[in-house]
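A.B. asks: There's a structure below that I have some questions on.
The values are calculated or read from the model by the stated rules, or taken from the named source; none is laboratory data. Given the structure is predicted, the values throughout are model-derived calculations rather than measurements. Positions of Cβ are generated from backbone atoms using ideal geometry, with glycine treated the same way; all protein chains shown enter the neighbour counts. In case anyone asks, the SASA skips ligands and DNA or RNA and just uses the protein heavy atoms, side chains included. Shrake-Rupley method; radii C 1.70, N 1.55, O 1.52, S 1.80 Å.
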Amino acid sequence: DTIKTFTFSILVDISGSMAGDRIIHSARTIVMLTEVLARLGMDFEIGVYGDNHKTLKQFDDPYKDKEKTRLAGIVKQCNSGTSITTGLKGIKILKQPEKNKVVIVLTDGEIGGELHEANDFLSKWNKKGVRTAVLGIHCSDTIKNLDGGMGYRVDRVSDIPKIIFDLLNKLIIPTKTP
């Protein structure tokens, strides 16, 4: 598959518990990731959630200063509750024509009683061929129960960029079978 067959949904938790290093390192990572995706010509959307979902960049929108400013501003927006299912409901990945779809979620993993509903979303997408990665930053082991046991726990916020780019290698570069 070529790079042009990929599209990404990036979803970032901006609840109050993400304030501080969690959101700062998450935002830095998303800035780096989106710069790479934009330079490669890959389409993507960026969403944030707390109690509500907000789209910072829609698919097909250019990635210009306005979108970059919105993204940088998330470090000051951490002040609400957490509803991961509200965030997941706002993602528009299934409507995209690209063959290869990837969803990346950054959260602190404190999703309350929404584990079952969140897993339903992720399972539905996985069955439709969407590759998903949920990263829990400084979180309990609950995150490992997300995404069919494929949630990733991040213990050091400074590791977020490396983990994201390692995940991209796994998600984008197919494994070779003999």
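A.B. asks: So which residues in the stretch 1-36 are in a helix (DSSP H, G or I) and among the charged types (D, E, K, R), if there are any at all?
C.D. replies: Of the stretch 1-36, the ones in a helix (DSSP H, G or I) are 3-5, 16-18, 21-36.
Within the stretch 1-36, Lys4, Asp21, Arg22, Arg28, Glu35 meet the criteria.
A.B. asks: Look through Ser15, Ser26, Ser9, Ser80 and report the one residue that is in contact (Cβ under 8 Å) with a residue 60 or more places away in the chain, within 20 Å of Lys101 (Cβ to Cβ) and open to solvent by less than 50 Å² (accessible area, probe 1.4 Å). If you could, list the steps in order and put the result at the bottom.
C.D. replies: Details: Ser15 fails: within 20 Å of Lys101 (Cβ to Cβ); Ser26 fails: within 20 Å of Lys101 (Cβ to Cβ); Ser80 fails: within 20 Å of Lys101 (Cβ to Cβ).
Among Ser15, Ser26, Ser9, Ser80, only Ser9 is in contact (Cβ under 8 Å) with a residue 60 or more places away in the chain, within 20 Å of Lys101 (Cβ to Cβ) and open to solvent by less than 50 Å² (accessible area, probe 1.4 Å).
A.B. asks: Continuing with the same structure: State whether the residues of the stretch 94-109 include one that is open to solvent by less than 50 Å² (accessible area, probe 1.4 Å), among the charged types (D, E, K, R) and touching a His at 6+ places or on another chain (Cβ under 7 Å). I'd like the intermediate steps shown before the answer.
C.D. replies: Step one: list which residues in the stretch 94-109 are open to solvent by less than 50 Å² (accessible area, probe 1.4 Å), which gives 96, 98, 100-109.
Now narrow it down to the ones that are among the charged types (D, E, K, R): 98, 101, 108.
Narrowing the set further to residues that are touching a His at 6+ places or on another chain (Cβ under 7 Å) leaves 108.
Scanning the stretch 94-109 turns up at least one residue that is open to solvent by less than 50 Å² (accessible area, probe 1.4 Å), among the charged types (D, E, K, R) and touching a His at 6+ places or on another chain (Cβ under 7 Å).
A.B. asks: Select, from Lys127, Lys144, the only residue that is modelled with pLDDT of 85 or more, among the charged types (D, E, K, R) and open to solvent by 90 Å² or more (accessible area, probe 1.4 Å).
C.D. replies: Working: Lys144 fails: modelled with pLDDT of 85 or more.
One residue alone meets the criteria, Lys127.
A.B. asks: Assess whether Thr85 counts as being more than 24 Å from Ser158 (Cα to Cα), touching a residue at least 12 places away in the same chain (Cβ under 8 Å) and either among the polar types (S, T, N, Q) or surrounded by 13 or more Cβ atoms within 10 Å (Cβ to Cβ) (or both). Full working, then the answer.
C.D. replies: Numbers: more than 24 Å from Ser158 (Cα to Cα): yes; touching a residue at least 12 places away in the same chain (Cβ under 8 Å): yes; either among the polar types (S, T, N, Q) or surrounded by 13 or more Cβ atoms within 10 Å (Cβ to Cβ) (or both): yes.
When the stated conditions are applied, Thr85 passes them.
A.B. asks: For residues that are hydroxyl-bearing (Ser, Thr, Tyr) and farther than 22 Å from Thr85 by Cα, scanning just the stretch 1-52, find the one that is modelled with the lowest pLDDT.
C.D. replies: Checking each candidate, the answer is Thr2.
A.B. asks: Which condition does Lys101 not pass, out of (1) closer than 21 Å to His25 by Cα; (2) at pLDDT 85 or above; (3) part of a strand (DSSP E or B); (4) of a type outside the set (A, V, I, L, M), if it passes all the others?
C.D. replies: (1)
A.B. asks: Pairs please, first residue from the stretch 102-129 and within 18 Å of Met18 (Cα to Cα), second anywhere and charged (D, E, K, R), Cβ atoms under 8 Å, 6+ apart in sequence or on different chains.
C.D. replies: So the pair list comes out as Val105/Asp13; Leu106/Asp13; Thr107/Asp13; Asp108/Asp13; Asp108/Arg22; Gly109/Arg153.
A.B. asks: Taking only the stretch 29-60 into account, find how many residues are closer than 19 Å to Lys99 by Cα, open to solvent by 60 Å² or more (accessible area, probe 1.4 Å) and over 17 Å from the mean Cα position of the chain (by Cα).
C.D. replies: Of the residues in the stretch 29-60, 2 are closer than 19 Å to Lys99 by Cα, open to solvent by 60 Å² or more (accessible area, probe 1.4 Å) and over 17 Å from the mean Cα position of the chain (by Cα).
A.B. asks: Checking Leu71 against (1) in a helix (DSSP H, G or I); (2) more than 17 Å from the chain's Cα centre (by Cα); (3) at pLDDT 85 or above: exactly one of these is not met. Which one?
C.D. replies: Just one mismatch for Leu71, condition (2).
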